[in-house]
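Below is one structure, written out as structure tokens; the observations come after it.
The values are calculated or read from the model by the stated rules, or taken from the named source; none is laboratory data. A quick note: this is a predicted structure, and the numbers were derived from the prediction, not measured. To get the accessible areas, we keep the full protein, side chains included, count just its heavy atoms, and leave off ligands, DNA and RNA. Shrake-Rupley method; radii C 1.70, N 1.55, O 1.52, S 1.80 Å.
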Amino acid sequence: QTSWAQIERTPGVFDWSLIDKTIEYWSALGKRINFRICTDSLSLPEVYFGAPQWLYEAPYNVSYKEYAYGSTVNVTRVTDLTDPIYQQYFERFLEKLSERYADCPYLETVDIRGFGQWGEWHSGHSFADMDERIATLSYIVDKYVEAFDKNGIELLLSCSWDFQGSNDDGSSAV
């Protein structure tokens with residue numbers, strides 16, 4: 001498990017070494033690989049911020065909200081997944097990730113971790129309405145499919161209860 005933020009710390013500069021070493025280690029033991037690379041927020045210490053820090057700074061200025069869960073130590077940045085700049089760089093990242101690994105004979109599954117808190121259907125981001133929520137989450141899943149629906153790679157999708165089940169218009173995602 002790693003994140004986009006750990007791979008692309010500088011815009012356009014990708015450090016694949018952690019993934020390469022992991023694939024080399026496990027494939028040498030005859031194991032298959034499951035990618036779980038977060039491109040959004042996650043409430044786990046190693047990937048609180050799934051998207052790179054530079055996306056939130058000038059000149060990109062992708063909007064976000066920060067939430068503290070349980071204490072100020074567990075702060076999670078919730079990205080505005082509808083932001084066109086976020087989407088532009090998210091697509092580029094998936095394209096580069098796919099170019100590098102979609103033909104890897106050891107890659108068996110890709111866990112879609114690009115939408116909502118913990119990478120599941122729920123999200124700290126408040127969508128304008130249900131149509132925007134559905135369109136945004138469908139867009140993200142479709143981008144993963146475009147990038148990795150190849151060579152027998154299975155895509156995994158975690159779907160669970162939405163603890164932030166109301167959109168800005170009051171409609172429920174539950």
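At the residue level, LYS143 shows approximately 40 square angstrom of accessible surface with a 1.4 angstrom probe and all protein chains present. Cross-link reach is defined here as a Cα-Cα straight distance under 17 Å, omitting same-chain residues fewer than 8 places apart; for LYS31 the lysines meeting it are LYS21. Largest to smallest in accessible area, the residues GLU132, GLU57, GLU154 fall in the order GLU154, GLU57, GLU132 (1.4 Å probe, all protein chains included). A 1.4 Å probe, protein heavy atoms only, puts the accessible area of ASP83 near 20 Å². Ranked from largest to smallest solvent-accessible area, with a 1.4 Å probe on the protein heavy atoms, CYS38, CYS104 come out as CYS104, CYS38.
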